[in-house]
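Chemist: I'd like to ask some things about the structure below.
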Ligand SMILES: [Mg+2]
Ligand SMILES: [Zn+2]
């Protein structure tokens, strides 16, 4: 699985399309097959395009179902038949008839997923979100003296906001993102957490955020535990994010997942979002983290203030 961000994969496709156009400029169906450099360059770049398309997250392709992704990946296999030579008429047909439309679509998509511009609702009508992990990211973990472990708060009085939590939620919302909490609460499946406990904890969390002038837009909870009940929503699976995207009209490619755990990075990547690991780790710990399969975040921030400055870069003051 590729860790290359979606925007860069789209850029790879656009570069390859530009190179094909460059080599085939001014050619016709008659002159194309006799120009071996054009044919070679086209085949090589079609391969690049197919490769990049196949590395786009399935959820991203599903979100832009108007583009015939399968057809484009299929082209590569049809025009690169291996030992039996190349059907140059077919390759020319692809260059002249199929690629121009595809090029326009990818260009449009690339503009929509532009990370440098301010997040806006464009013609898709979809809005970007920041998915935020709860325990260890928004609130402190609670030390359990009996078991010597850190665990999720189960009572309202155990809830302590992490530094910068309210500013973070306020900041991303001011920049046009939905703020959506996504949390694994396996205590439900294990029978150690009730809906009333959860309501109390979330009520207190909302109160503390409100005191800082902030409020989230929605909370999504996975109540399952693999030992008890399998599901598609326990992070690192992307189920919570995908459900939120359907219910809130979110553009996952322009969204972020922010959390302190490997599972957060995994879920964000699987959903096609950009990811920030918020962790005050020593460099060797971070390296161990990054070596973990699918654990590589796009960014690492020491705290929520750092994460905010990545998502909403501020102009340097003159
Ligand atoms: Mg966490
Ligand atoms: Zn679940």
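Chemist: Could you identify the single residue in 5, 33 that is in contact with a strand residue (DSSP E or B) (Cβ under 7 Å, 6 or more places away or on another chain) and in contact (Cβ under 8 Å) with a residue 24 or more places away in the chain? Spell out the reasoning first.
Modeler: Working: 33 fails: in contact with a strand residue (DSSP E or B) (Cβ under 7 Å, 6 or more places away or on another chain).
Unique residue meeting the criteria: 5.
Chemist: For the structure I just gave you, tell me whether residue 186 is more than 18 Å from residue 256 (Cα to Cα), over 27 Å from the mean Cα position of the chain (by Cα) and within 14 Å of ligand 1 (Cβ to nearest atom). Give the derivation first.
Modeler: Values: more than 18 Å from residue 256 (Cα to Cα): yes; over 27 Å from the mean Cα position of the chain (by Cα): no; within 14 Å of ligand 1 (Cβ to nearest atom): yes.
Spelling it out, it is not the case that residue 186 is more than 18 Å from residue 256 (Cα to Cα), over 27 Å from the mean Cα position of the chain (by Cα) and within 14 Å of ligand 1 (Cβ to nearest atom).
Chemist: Counting only residues that are modelled with pLDDT under 95 and either in the same structural domain as residue 200 (by TED's automatic domain parsing) or more than 16 Å from residue 173 (Cβ to Cβ) (or both), give me the strands (runs of 3 or more DSSP E) lying completely in the range 120-161 with at least 2 of them. Reasoning before the result, please.
Modeler: Numbers: elements: 129-132, 142-144, 149-151.
Per the criteria, 142-144, 149-151.
Chemist: So, of the residues in the range 225-246 that are away from ligand 1 (no atom under 16 Å from the Cβ) and touching a strand residue (DSSP E or B) at 6+ places or on another chain (Cβ under 8 Å), which turns out to be nearest to residue 108 (Cα to Cα)?
Modeler: Filtering first and then ranking leaves 245.
Chemist: May I ask you to list pairs of residues, at least six apart or on different chains, whose Cβ atoms are under 6 Å apart, with the first in the range 126-139 being free of Cβ contacts under 8 Å to residues at least 40 places away in the same chain and the second being crowded, with 24+ Cβ neighbours inside 10 Å?
Modeler: Between residues of the range 126-139 that are free of Cβ contacts under 8 Å to residues at least 40 places away in the same chain and residues that are crowded, with 24+ Cβ neighbours inside 10 Å, there is no close pair.
Chemist: A follow-up question, please. Within the range 268-277, how many residues are under 16 Å from residue 179 (Cα atoms) and either within 13 Å of ligand 1 (Cβ to nearest atom) or in a strand (DSSP E or B) (or both)?
Modeler: 4
Chemist: Inspect all residues belonging to the range 300-307 and state whether any of them is surrounded by fewer than 22 Cβ atoms within 10 Å (Cβ to Cβ), farther than 27 Å from residue 197 by Cβ, at pLDDT below 95 and touching a helix residue (DSSP H, G or I) at 6+ places or on another chain (Cβ under 7 Å).
Modeler: yes
Chemist: Report, by residue number, each residue of the range 234-266 that is part of a loop (DSSP other than H, G, I, E, B), surrounded by 23 or more Cβ atoms within 10 Å (Cβ to Cβ) and more than 12 Å from ligand 2 (Cβ to nearest atom). Don't jump to the end; show me each part of the working.
Modeler: The initial filter retains those residues of the range 234-266 that are part of a loop (DSSP other than H, G, I, E, B), namely 234-238, 249, 251, 255, 260-261.
Next, from what is left, pick out any that are surrounded by 23 or more Cβ atoms within 10 Å (Cβ to Cβ): 235, 238, 251, 255.
Listed by number, the residues that qualify are 251, 255.
Chemist: Could you grab me the full set of residues in the range 215-233 that are within 16 Å of ligand 2 (Cβ to nearest atom) and assigned to a loop (DSSP other than H, G, I, E, B)?
Modeler: Within the range 215-233, 223, 224, 225, 226, 227, 228, 229, 230, 231, 232, 233 meet the criteria.
The values are calculated or read from the model by the stated rules, or taken from the named source; none is laboratory data. Computed from a prediction, not measured in an experiment: that's the story for all the values here. When we count neighbours, we look across all protein chains shown, and the Cβ atoms used for this are built from the backbone with ideal geometry, even at glycine.
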